[in-house]
Amino acid sequence: MCLGNLLLKLVSKLEKSNDNELIEPRYVAFERYMISITAFIAASVLVLLAVLGPIGMDVIKYRTSQSGVYQTMAQDYVNVLLIAPILIIGGVLLAMNIDGAKYLLILPPITLLYNGLAYGIGQEWNETTYVGNVEVFSFLFLTMMICGLMLGVGSLSLFSEKDAPSFSSRSLRVYVLLVGTFLMFFAIMWMSEMYEVAVTGTTSSGAYATAPTAFWVVRYFDLGITIPLGFMALYMMVTRPQKAYPVILLFFGFFITLGTSVNAMAIVQLLSGDPELAGAVAAGLVIFPILGVLSWSGFFYLIKSKIPFTASHAID
């Protein structure tokens, strides 16, 4: 009888141990800490770029136009004030095994990839009038891209189907129609500038003449990545919001972080009296703020059932 009781106790302990392993196996704990460390590394890179860049010590000399420098300054402000804090807070919460971390870490990954590529290949390498040393810091841009890739895959793995809330189909359709309309305006604005370059060889704002490489990098990225991702996210919101919930959040994270950066760029250019903020680009002063508001409101709509989303419970 005593032996039977001992066996029952032993089995009970083993079952509890197995349950704990199912909740968080060792490899899951390892991945969780690796994602946290990656978030801290990404935040450190962003802060370092800002400290060494034009808003800080001005050690990094970008091979681009003055307008490009203004845009880089705006990006550094957003990195320090928005994206780096998101990464740090999300990394800390994830290290503490708090579920809300994933709703923060899902925001920056695509923007890190996008900006790492844009910084790296968007310089005017063939223009001898632009003297710089940006290539010395190329490892920082590569690190940013690698962190973005790891955070994207890692943050998606933190979600399960039960995280997806239920949505009102009527309000979703209205929202999708609004965002889709302004995404189309965005695409038309960029395509009109590409057509202007094809016909006249330049743009009325002068943006193409001073920084042709940056011009094509931004247009290709936005027309080939940003806008298609936007329409894909909208389509999934209508057709399969529950199953595609983490992917939709990943896309919206890209829209709100990149959208905030683009609006900050317009503000810095406007305050600096940048003459390139004219012509077709001026239309962005209307389109980008609206898209920014729609992106933030859409993200909060997606997570409204999770607020306050720092509730302390373990990640599945």
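Suppose R0 equals 30 Å. What FRET efficiency, 1/(1 + (r/R0)^6) with r the Cβ-Cβ distance, do Tyr33 and Leu81 give to the nearest 0.05?
Numbers: r = 27 Å, r/R0 = 0.89.
According to the calculation, E is roughly 0.65.
Just to confirm the number: angle between the C-alpha axis of helix 2-23 and the first principal axis of the chain, 0 to 90 degrees, nearest 10?
The two axes meet at around 10 degrees.
Between Val131 and Ala209, 0.36 nm times their residue separation minus their Cα-Cα distance comes to what?
Working: separation 78, 0.36 × 78 = 28.08 nm, distance 1.69 nm.
Value of the extension gain: 26.4 nm.
Per residue, how large is the accessible surface of the chain? Use a 1.4 angstrom probe and give square angstrom. Mind showing how you got there, number by number?
Numbers: 15520 Å² over 316 residues.
Each residue of the chain exposes 49 Å² on average to a 1.4 Å probe.
Quickly rank 190-202, 78-90 as a protection proxy: mean count of other C-beta atoms within 10 Å, highest first.
Averaged packing, sorted descending, gives the order 78-90, 190-202.
Hey, rough spin-label estimate for Arg240 and Val92, points 7 angstrom out along Cα→Cβ, what's it come to in nanometres?
Those two pseudo-labels are separated by 3.7 nm.
For the chain, which whole percent of the accessible surface, found with a 1.4 angstrom probe, sits on carbon and sulfur atoms? List each step's numbers first, then the result.
Details: 10940 of 15520 Å².
For the chain, the apolar C and S fraction of the accessible surface comes to 71 percent.
At 0.36 nm per residue, and after removing the present C-alpha to C-alpha distance, how many nm does the segment from Ser168 to Phe139 gain when stretched out fully?
Values: separation 29, 0.36 × 29 = 10.44 nm, distance 4.54 nm.
Length difference between fully extended and current span is 5.9 nm.
Along the positive direction of the dipole of the chain (beta-carbon charges: Lys, Arg +1; Asp, Glu -1; about the Cα centre), which of Ala84, Leu113, Ala29 reaches farthest?
Toward the positive end, the furthest listed residue is Ala29.
The values are calculated or read from the model by the stated rules, or taken from the named source; none is laboratory data. Nothing here was measured: the structure is a model prediction, and the numbers come from that model. Neighbour counts are summed over all protein chains in view; Cβ atoms, including those assigned to glycine, are modelled from backbone coordinates with ideal geometry. Note: accessible area is taken over every heavy atom of the protein model, side chains too, but ligands, DNA and RNA are not part of it. Shrake-Rupley method; radii C 1.70, N 1.55, O 1.52, S 1.80 Å.
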